[in-house]
Amino acid sequence: MADKDFQKKSFSTRIINERFGKEDAHRSITMPVYRNAAFEFPDSESIAAAFQYREDIPSHTYSRITNPTVENLEQKIKAASGAENVQMVASGMAAISNTFLALAYAGSNIVTSPHLFGNTFSFFKFTLEAFGVEVRFVDTDNIEEIASAIDENTCAFFCELITNPHLEVADLPQISKVLKAQNIPLIVDTTIVPWCGFDARKAGVDIEVVSTTKYISGGATSIGGAILDYGTFDWEHNQRLKSVKKTDGVSQFTFKLKREIARNIGAAMDPEAAYLQSLGMETLQLRFEKMSASAYHLAQLLEQHAEVMKVGYTRLESSPYKAISDELFIGNPGAMLTFCLKDKQACYSFMDRLRIIRRATNLFDNKSLIIHPESTIYGTFSPDMKMVMGIEDNLLRLSVGLEDMEDLQNDILQALKIV
Ligand SMILES: *Cc1c(COP(=O)(O)O)cnc(C)c1O
């Protein structure tokens with residue numbers, strides 16, 4: 001893996017110049033959308049060779065398994081991240097569920113923070129628990145608590161890179177040391193900061209899961225997810241994966257994921273989405289840098305405003321996570337920030353006055369988006385659950401888009417006037 005400077009300088013060049021696995025029949029400069037389900041073979045011996053993995057360059061057979069357009073996006077993400085293997089799936093939730101369906105087993109446990117994306121929380125707590133998997137919530141700021149929650153049946157430690165909407169940053173290099181000593185893989189949802197802003201391998205991440213719906217899709221064009229394997233974990237230590245056949249070049253995790261789990265679950269990425277997201281990858285760094293610079297500026301502006309009680313952005317001096325944020329992230333930590341107003345009513349009035357910023361869920365669209373998480377994303381959780389998840393009702397979440405920064409600033413200032 002190249003050093004940080006090289007990676008930063010050549011990030012877009014590497015993605016834009018990533019070549020196809022096989023030359024296109026018409027020398028198309030952009031990977032076309034292969035919308036077909038099946039691929040034809042010239043004779044029975046060659047179709048048998050493809051199904052028995054006897055080819056030097058594997059052929060595509062059926063688009064639930066692999067597809068040229070989807071594979072091209074996997075190659076671009078490999079070039080961007082330095083991961084050893086990338087598996088695209090239909091959504092960010094499919095990335096998380098496929099990963100844990102490959103790792104967890106009845107009697108195993110997952111050690112994680114209760115501060116999770118709502119569906120991830122629900123997947124661990126409700127879906128997986130029905131199959132005999134236990135979820136153990138810990139405070140990720142407390143290394144001793146993490147260490148003591150782990151036992152011989154822990155299949156993974158999982159967290160989000162910056163929790164949402166709390167904006168906590170776990171000290172991944174420290175946690176990774178504890179996990180390595182106990183042979184537990186570190187799995188991180190890195191949706192919030194893409195590869196041009198965060199080097200997962202350097203931070204000690206073994207498996208990365210991403211909702212490519214967000215930054216990667218290039219403006220909320222499509223739903224998608226990615227699972228990245230850095231090839232850094234020795235799966236002999238996982239009860240379930242140690243029996244998986246070892247092959248050259250792919251880890252036991254990737255082998256099981258690609259050959260069994262992803263096919264059986266069938267949440268394959270649609271080729272149209274892969275095409276849109278490949279285009280999104282080509283402008284990723286440009287969009288990330290502009291959005292993040294605007295977010296940092298707006299966070300500073302909001303922090304000085306009398307009506308704003310608190311601003312969450314991990315690069316601010318006021319963030320308890322500033323030191324670890326500066327260590328982990330290259331430049332600004334992304335385009336999402338949070339802020340608190342007097343009460344829930346003030347949040348509603350503020351939102352209703354906005355003219356440019358849209359009232360919508362989702363993150364990292366080209367358009368700026370605002371949401372009141374307590375009444376929407378967490379709206380159906382009980383008050384007790386909201387307490388466990390740490391959801392406050394005077395908090396707003398803003399995802400900063402590509403509009404001109406002055407226009408966003410003016411929109412916010414005029415809407416704050418009536419609060
Ligand atoms: C959006 C999101 C997900 C889920 O992704 P989908 O593509 O909507 O399935 C998971 N984790 C985080 C941090 C997210 O923001």
### Query
Restricting attention to the stretch 395-416, which residues are free of Cβ contacts under 8 Å to residues at least 24 places away in the same chain and assigned to a loop (DSSP other than H, G, I, E, B)?
ASP404
#### Entry: Index of the failed condition, PRO58 passing every other in (1) part of a loop (DSSP other than H, G, I, E, B); (2) within 16 Å of the ligand (Cβ to nearest atom)
(2)
### Message
THR283 - would you say it is of a type in the set (Val, Ile, Thr) and under 18 Å from the mean Cα position of the chain (by Cα)?
### Response
yes
### Message
Going through SER28, SER97 one at a time, which residue ends up being among the small types (Gly, Ala, Ser) and part of a loop (DSSP other than H, G, I, E, B)?
### Response
SER28
### Task
Give the residues of the stretch 343-394 that are in a helix (DSSP H, G or I) and within 16 Å of the ligand (Cβ to nearest atom), sorted by residue number.
PRO373, MET389
### Message
Among the residues of the stretch 395-404, what is the count of those that are within 16 Å of the ligand (Cβ to nearest atom) and either assigned by TED's automatic domain parsing to the domain that holds GLY218 or charged (D, E, K, R) (or both)?
### Response
1
#### Entry: Which numbered condition ILE223 fails, given (1) within 14 Å of the ligand (Cβ to nearest atom); (2) surrounded by 21 or more Cβ atoms within 10 Å (Cβ to Cβ); (3) of a type in the set (Val, Ile, Thr)
(2)
### Summary
Matching residues in the stretch 360-392 (of a type in the set (Val, Ile, Thr), touching a strand residue (DSSP E or B) at 6+ places or on another chain (Cβ under 6 Å) and buried (at least 18 other Cβ atoms within 10 Å of the Cβ)) number 2
## Note on the structure
ALA267 meets each of (1) within 14 Å of the ligand (Cβ to nearest atom); (2) crowded, with 20+ Cβ neighbours inside 10 Å; (3) in a loop (DSSP other than H, G, I, E, B); (4) not aromatic (Phe, Trp, Tyr) with one exception, condition (2)
### Task
Report the residue count in the stretch 154-187 for those that are within 25 Å of ALA94 (Cβ to Cβ), touching a residue at least 60 places away in the same chain (Cβ under 8 Å) and more than 16 Å from the ligand (Cβ to nearest atom).
3
### Query
Of the residues that make up the stretch 78-101, is at least one free of Cβ contacts under 8 Å to residues at least 24 places away in the same chain, in the same structural domain as PHE131 (by TED's automatic domain parsing) and farther than 22 Å from SER251 by Cβ?
no
### Message
For the list (1) small (Gly, Ala, Ser); (2) within 23 Å of ALA200 (Cα to Cα); (3) outside the structural domain of ALA200 (by TED's automatic domain parsing), I need the number of the one condition that SER294 fails.
### Response
(2)
### Query
Just one of the numbered conditions (1) surrounded by fewer than 21 Cβ atoms within 10 Å (Cβ to Cβ); (2) more than 27 Å from ARG397 (Cα to Cα); (3) within 15 Å of the ligand (Cβ to nearest atom) is not true of ASN119; which one?
(2)
### Task
Write out, first by first residue and then by second, each pair whose Cβ atoms fall under 8 Å of each other, whose residues are 6+ apart or on separate chains, and whose first residue, in the stretch 39-51, is in the same structural domain as ARG64 (by TED's automatic domain parsing) and closer than 15 Å to THR66 by Cα while the second is modelled with pLDDT of 95 or more and assigned to a helix (DSSP H, G or I).
none
### Pick from the stretch 188-216, criterion away from the ligand (no atom under 12 Å from the Cβ) and among the β-branched types (Val, Ile, Thr), ranking: farthest from VAL311 (Cα to Cα)
ILE207
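The values are calculated or read from the model by the stated rules, or taken from the named source; none is laboratory data. Fair warning: this is a prediction, and the values are worked out from it, not measured in the lab. Neighbour counts are summed over all protein chains in view; Cβ atoms, including those assigned to glycine, are modelled from backbone coordinates with ideal geometry.
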